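The values are calculated or read from the model by the stated rules, or taken from the named source; none is laboratory data. Computed from a predicted structure; not experimentally measured. Note that each Cβ is placed from the backbone with ideal geometry, even for glycine, and that neighbours are counted across all protein chains shown. We work out accessible area using only protein heavy atoms, side chains counted, and drop any ligands, DNA or RNA first. Shrake-Rupley method; radii C 1.70, N 1.55, O 1.52, S 1.80 Å.
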Amino acid sequence: MELFLDTADVSEIEQGLEWGMVDGVTTNPTLIAKQGKSYLPTVKEIAELVPGPVSGEVLATDYDGMMEQGRRLAELADNVVVKVPLLPEGLRAVKALKDEGIPSNVTLCFSSGQALLAAKAGAAYISPFVGRLDDIGHEGMELINEIVEIYSGSAYDTKVLVASVRNPMHVVQGAMLGAEVATIPFKTLQQLYRHPLTDIGLDRFLSDWAATGKTFDD
Ligand code: E4P
């Protein structure tokens, strides 16, 4: 499974890249607003930093506006993927952008029917928001299961990108269900590394050796 960081915080991206775990990045208007920086320059800065795909979202909601902003986002760097909301006009833009060679990530997907339409439109990625479904008492991972099944029986080349991830289990379950990508907050990446038995085990190894009074070279 590929792991993308869901952030517009450059220091988090730099850390994730240093650890060798970041295959790409997704941003959205909320995440960029949190950084207090300008919109397009932030997407450009991230796309220059990350070797893999970087999703930058259109702010327009009409077809012409999405096409204009999608083209401008795509011009920022070769690895920019245009994030488009799941609206009729959005999927129309996805199709037209694809015809121009511009890949898109369809965002705000909450049903398998929506995911089917996004794949028909030619989206490179579909982003089902599992955490926001869990938040309202629905089973977010059930949506991933349905989409993976629908896509696997078809010729679509749309990748399932588990989004709105809240915890490591969302990542693990998504991987088990066959989703190709998960986009995760930096905190979830940190949590994926951690296990209390790893810490306890390491402390014991080191203290047992320290008790001998010898060093690495003795
Ligand atoms: C997806 O690409 C979105 O940026 C993101 O995963 C939304 O997550 P949230 O529900 O935590 O805001």
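Can you give the FRET efficiency to the nearest 0.05 for residue 87 and residue 155, using r as the Cβ-Cβ distance and R₀ = 25 Å? Plugging the Cβ-Cβ distance into 1/(1 + (r/R0)^6) gives 0.50. Calculated accessible area for the chain comes out at 51 Å² per residue, all protein chains present (probe 1.4 Å; ligands, DNA, RNA ignored).
Say R0 is 30 Å: what FRET efficiency, to the nearest 0.05, do residue 15 and residue 111 get from their beta-carbon distance?
For residue 15 and residue 111, the calculated efficiency is 0.30.
Here is how the number arises for the chain: DSSP H runs of 4 or more residues each give -39500 (n - 2.57), the sum is divided by the residue count, and the result at 222 nm is -15500 deg cm²/dmol. The stretch between residue 62 and residue 214 holds 47.8 nm of extra length on full extension. This uses 0.36 nm per residue minus the Cα-Cα distance. Here the contact order of segment 37-106, divided by its residue count and restricted to Cα pairs under 8 Å and six or more residues apart, works out to 30 percent.
Evaluated at q = 0.08, 0.17, 0.18 Å⁻¹, a Debye calculation over the C-alpha positions of the chain (equal weights, vacuum) places log10 I(q)/I(0) at -0.32, -1.16, -1.28.
Mind scanning 34/95; 98/120; 37/98; 37/95 and naming the pairs with a C-alpha gap bigger than 21 Å?
The answer is 34/95; 37/98; 37/95.
Taking every C-alpha pair closer than 8 Å and separated by at least 6 residues, the mean separation divided by the residue count of the chain gives a relative contact order of 16 percent.
Paramagnetic label reach from residue 98 (point 7 Å along Cα→Cβ; backbone nitrogen cut-off under 14 Å): within segment 135-167, residues 151, 154-160.
Quick one: which of 81-94, 26-39 comes out on top by average Cβ neighbours within 10 Å, and what's the full order, highest first?
Details: 81-94: 22.5, 26-39: 15.6.
Per-residue mean Cβ counts within 10 Å order the peptides as 81-94, 26-39.
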